[in-house]
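Student: Next up is a structure, given as structure tokens.
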Amino acid sequence: MIRTKLSPYFTALEGAAVRCELCPRRCRVEEGGRGFCRVRENRDGKYFSLVYGNPCAVHLDPIEKKPLFHVLPSTWTLSIATAGCNLACKFCQNWEISQASPEEVYSFDFPPERVVQAAVESGARSIAYTYVEPMVFFEYMIDICRLAREAGLLNICHSNAFVRPEPLRELCTVMDAANCDLKGFTEDYYRDMCRGRLGPVLDSLKAIKDHGVHLEITNLVIPTRNDDLSRVEDMCRWIRGELGDETPVHFSRFYPLYRLRSLPPTPVSTLEKVRAAALSTGLRFVYIGNVPGHAGQHTSCPGCGKPIIVRTGFMVEAVHMSDGRCTFCGSPVPGIWARRDNRGQALQGGGDRSAPAEEIPHHEGTVIEVGQAGLLGPGDRL
């Protein structure tokens, strides 16, 4: 069943036109038209989502894949996405769905109640809104978030943070953790590489932090595009000053994709230099991504410096923490280390990965499709 839902974030204009109020583009959309994201349509002067309850991607992922390194290590997250995005990044790894209209992808009939049920039955400890910009399926996401909270699941997202303040405030009331892309640190980069703007992203990152949502940052390091060390240092000083030195930052390796196939993969040596530059600015948790087996994937204690979460790819090999503290020296480590109910009480047996290392169940880095796990079948395809 193809569902639509009226958007709460639009302004009616003259002549049955509307202005979308979800993202900083504020698209003016004439009767019968769609916005930049391709998944919202003006019908008789009202703006409707065309992807409510109709995701085109439903997977079980390691939470480390989001990447979230300070949230329930070694647990599964049920990941969902619809078609569409409000940016057009030349390096997008999911461009087949992010740059598509709903009619151009295969989608599931998967209403919010079934999403939460599937997450619980699969053993996931969280639901992730990911792969494309989740704000384009805001209505669907917010309804799932509310039900997930009632079921004791965490809500997490990977976002480009290109969103207007009002919908972001509403989302932050039900979102537990976010990894947000800070794709570059100049307006020129955002305009030329993403067809977006940097300013609103910086404002959103500060707002997410101010609302108490656990925040991690990802920067995809692209050779000759955003790998200048002085610019990286500027970005990291901004992160430290505005978001705090405890904010985890992931520098991820670029591989040739979409419209940047002529560039080489990012040299590992470049990532190591970028990481060193970030650490020199005072950031305490800096990671290297997309390089399985690199020591830059481990979490080190901010007190004694010993590795307290050891990772290989998406697999966690050891956790030396108890109640959010290093077991070697007792230093606290910022993050979400146990599920919480609506009153803030820890839930037993629900993804607390602070057990001794030998008791932690390993998960592999391969993605298990929920359809293959029996949670969705061919009859759920639209």
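Bear in mind these aren't lab numbers, they're just calculated from the coordinates by the rules spelled out. Everything quoted here is computed from the prediction, not taken from an experiment. Neighbour counts run over all protein chains shown; Cβ positions are idealised from the backbone, glycine included.
Student: Which far-off residues, 5 or more places away or on another chain, put their amide H under 5 Å from the one on Cys157, with H placed in the peptide plane?
Tutor: The answer is Tyr129, Ala177, Ala178, Asn179.
Student: So for the pair Asp203, Ala151, with labels modelled 7 Å out along Cα→Cβ, what separation do we get in nm?
Tutor: It is 3.5 nm.
Student: Now for a separate question. Step through the residues of region 289-300 one at a time and calculate ³J(HN,Hα) from phi using the Karplus curve (6.51 cos²θ - 1.76 cosθ + 1.60, θ = phi - 60°), rounding each to whole Hz and writing x for Gly and Pro.
Tutor: Calculated HN-Hα couplings, in order: x, 6, 9, x, x, 6, 5, x, 8, 7, 9, 9 Hz.
Student: Right, next: Mind sorting Glu150, Glu96 by how few other Cβ atoms lie within 10 Å of their own Cβ, fewest first?
Tutor: Numbers: Glu150 10, Glu96 14.
With the fewest neighbours first, Glu150, Glu96 line up as Glu150, Glu96.
Student: Let me ask something else. On a C-alpha basis, how far is the centre of region 88-124 from the centre of region 279-327 in Å? Whole number, if you could?
Tutor: Cα centres, region 88-124 to region 279-327: 30 Å.
Student: Add -39500 (n - 2.57) for each DSSP H run of 4 or more in the chain, then divide by its residues: what number comes out at 222 nm, to the nearest 500 deg cm²/dmol? Working shown, then result.
Tutor: Working: 7 runs with 77 residues, N = 382.
Helix-only estimate at 222 nm: -6000 deg cm²/dmol.
Student: Just to be sure I understand: of the beta bridges DSSP finds with both ends in the chain, what percent are antiparallel, rounded to 5?
Tutor: 55 percent
Student: Which of Lys46, Lys65 comes first, and how do the rest follow, when ranked by fewest Cβ neighbours within 10 Å? The partial results should precede the final answer.
Tutor: Working: Lys46 14, Lys65 18.
Fewest to most other Cβ atoms nearby, the residues stand as Lys46, Lys65.
Student: Still on this structure, please answer the following. Mind giving me the nanometre distance, one decimal, between the label points for Lys273 and Asp245, set 7 Å out from Cα along Cα→Cβ?
Tutor: If labels sit at Lys273 and Asp245, their model points lie 2.6 nm apart.
Student: Assuming R0 = 22 Å, what is the FRET efficiency of Ala295 and Gln93, from their Cβ-Cβ distance, to the nearest 0.05?
Tutor: Numbers: r = 24 Å, r/R0 = 1.10.
Efficiency, from the Cβ-Cβ distance: 0.35.
Student: Ranking Thr82, Thr281 by Cβ neighbours within 10 Å, fewest first, what do you get? Walk me through the numbers before you get to the answer.
Tutor: Values: Thr82 32, Thr281 19.
If I rank by nearby Cβ atoms, fewest first, I get Thr281, Thr82.
Student: Between Glu31 and Leu229, what's the calculated FRET efficiency when r is the beta-carbon distance and R0 is 51 Å? Round to 0.05. Don't skip to the end; give the middle numbers.
Tutor: Numbers: r = 50 Å, r/R0 = 0.99.
Calculated value: 0.50.
Student: Please state the charge dipole magnitude for region 57-369, taken about the Cα centre, from unit charges on C-beta atoms (+1 on K and R, -1 on D and E), reported in debye and rounded to the nearest 20.
Tutor: Numbers: 32 positive and 38 negative charges, 152 e Å.
Its charge dipole is roughly 720 debye.
Student: Could you derive backbone 3J(HN,Hα) for region 79-94 from the dihedral phi with the Karplus parameters 6.51, -1.76 and 1.60 (θ = phi - 60°), listing whole Hz in sequence and x where the residue is Gly or Pro?
Tutor: 9, 9, 7, 10, 5, x, 6, 9, 10, 9, 5, 5, 10, 4, 8, 10
Student: What shape does region 5-49 have by the C-alpha gyration tensor, where a ≥ b ≥ c are the square roots of the eigenvalues, rounded means a/c under 1.5, and otherwise prolate means a/b greater than b/c and oblate the rest?
Tutor: Numbers: a/c = 1.33, a/b = 1.20, b/c = 1.11.
Rounded, because the longest to shortest axis ratio a/c is under 1.5.
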